[in-house]
Amino acid sequence: MAIFGDYARYYNLLYRDKDYAGETDFVLGTLHRAGTTPQSLLDLGCGTGRHALEMATRGLAVTGVDMSEMMLDMGRSALQSATLPAGVPLPQLHKGDARTVRLEQRFAVVTSLFHVMSYQTSEADALSLLRTAHAHLVPEGLLLFDFWYGPCVLTERPQPREKHLEDAATRLVRHATPVLRLNDDCVEVHYAVELEDKASGQVRELQEVHTMRYWFLPQLRYLSALAGFTQVAEGAWMEQGPPSDATWGVWMLVRKGSDPSAA
């Protein structure tokens with residue numbers, strides 16, 4: 001089954017406690033420290049548009065791209081009831097592959113958040129995403145992305161987890177069983193989700209496998225340089241300090257340099 005198939009329908013319930021507002025403040029603060037207060041932003045792998053909406057409420061003109069039509073439809077529906085500052089347009093959400101999409105637009109900043117880089121399971125895929133970002137940035141524009149951090153994955157090792165959630169209509173139990181593929185720098189996360197309709201009592205199950213690449217800083221520094229970027233900063237997610245082997249998520253900020261095709 002393709003990732004984010006039926007799973008996408010319950011995405012917002014699964015991550016309703018995620019601090020999208022705090023993460024947005026962190027991203028914008030990091031950009032500000034790098035000397036940029038953007039007016040426009042492209043979010044690659046925008047999902048249901050939760051980060052995009054938070055960015056828009058802070059005055060940015062945001063465009064999002066994602067491969068899941070279901071998630072995009074959920075995002076567009078939620079945006080219809082959004083209240084934004086005067087003159088700020090609703091985020092525009094488009095279907096597309098972050099590795100190949102070309103919108104013929106330029107942005108001050110590109111983001112790719114919530115481990116989209118870790119869904120790029122090969123160097124070629126990651127490089128393609130980086131080149132997509134480069135193609136959509138104005139000169140000296142910034143790209144900020146986050147990813148699973150290899151030293152932490154190998155130190156702590158992924159463990160099985162169970163999550164219980166419910167809303168007015170649905171009771172959900174998600175079982176996550178990880179399989180570490182050491183020779184591929186990947187973790188296969190096998191999801192089994194039990195869904196109970198609270199009105200009827202009907203229970204259904206769905207299963208998906210999400211393969212996640214854990215990355216090491218030298219790898220992504222090298223790939224970023226190949227794509228035409230220069231390093232600006234990096235650190236533990238939601239922090240400004242350096243990552244450690246207890247840091248699961250790491251962010252990297254890079255600046256658009258020369259066109260790599262001209263090299």
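The values are calculated or read from the model by the stated rules, or taken from the named source; none is laboratory data. Everything quoted here is computed from the prediction, not taken from an experiment. Don't worry about glycine lacking a Cβ; one is built from the backbone with ideal geometry, like all the others, and counts go over all protein chains shown. Note: accessible area is taken over every heavy atom of the protein model, side chains too, but ligands, DNA and RNA are not part of it. Shrake-Rupley method; radii C 1.70, N 1.55, O 1.52, S 1.80 Å.
Calculated [222 nm] ellipticity per residue, helices only, for the chain: -7500 deg cm²/dmol; basis is -39500 (n - 2.57) per DSSP H run with n ≥ 4, divided by all residues, nearest 500.
On the protein heavy atoms, probe 1.4 angstrom, tell me the percent of accessible surface of segment 133-255 carried by carbon and sulfur. Numbers along the way, then the final one.
Working: 2980 of 5810 Å².
So the carbon and sulfur contribution to the accessible surface is 51 percent.
Please tell me the relative contact order of the chain in percent, rounded to the nearest whole number, where contacts are Cα pairs under 8 Å and at least six residues apart. Each step should come with its number before you reach the end.
Values: 535 pairs, mean separation 45.0, N = 263.
Reported as a whole number, the value is 17 percent.
Would you mind calculating the relative contact order of segment 83-163 from Cα pairs under 8 angstrom and at least 6 residues apart, reporting the percent as a whole number? Each step should come with its number before you reach the end.
Details: 73 pairs, mean separation 29.5, N = 81.
36 percent.
Taking only the C-alpha atoms of the chain, the Rg (one decimal) and the largest Cα-Cα distance, Dmax (whole number), read 18.4, 62 Å.
In the elastic network of the chain, a GNM with C-alpha springs shorter than 10 Å, the most mobile of 200, 224, 40 is 200.
When each of the peptides 183-192, 62-71, 114-123, 44-53 is scored by the mean number of other C-beta atoms lying within 10 Å of its residues, the order from highest to lowest reads 44-53, 62-71, 114-123, 183-192. For the chain, lysine pairs separated by 8 or more sequence positions, or belonging to different chains, with Cα-Cα distances below 27 Å total 5.
Checking the a/c ratio against 1.5 first, then a/b against b/c, what shape does the Cα gyration tensor give for segment 19-121?
Working: a/c = 1.45, a/b = 1.12, b/c = 1.30.
Rounded.
Shape analysis of segment 84-141 places it in the prolate category; the axes a ≥ b ≥ c from the Cα gyration tensor give an a/c of at least 1.5, with a/b above b/c. The portion of the accessible surface of segment 1-128 made up by carbon and sulfur, rounded to a whole percent, is 50 (1.4 Å probe; DNA, RNA and ligands excluded).
Compute the accessible area per residue over the chain, keeping the other protein chains in place, probe 1.4 Å, unit Å². Working shown, then result.
Working: 12060 Å² over 263 residues.
Ligands and nucleic acids excluded, the result is 46 Å² per residue.
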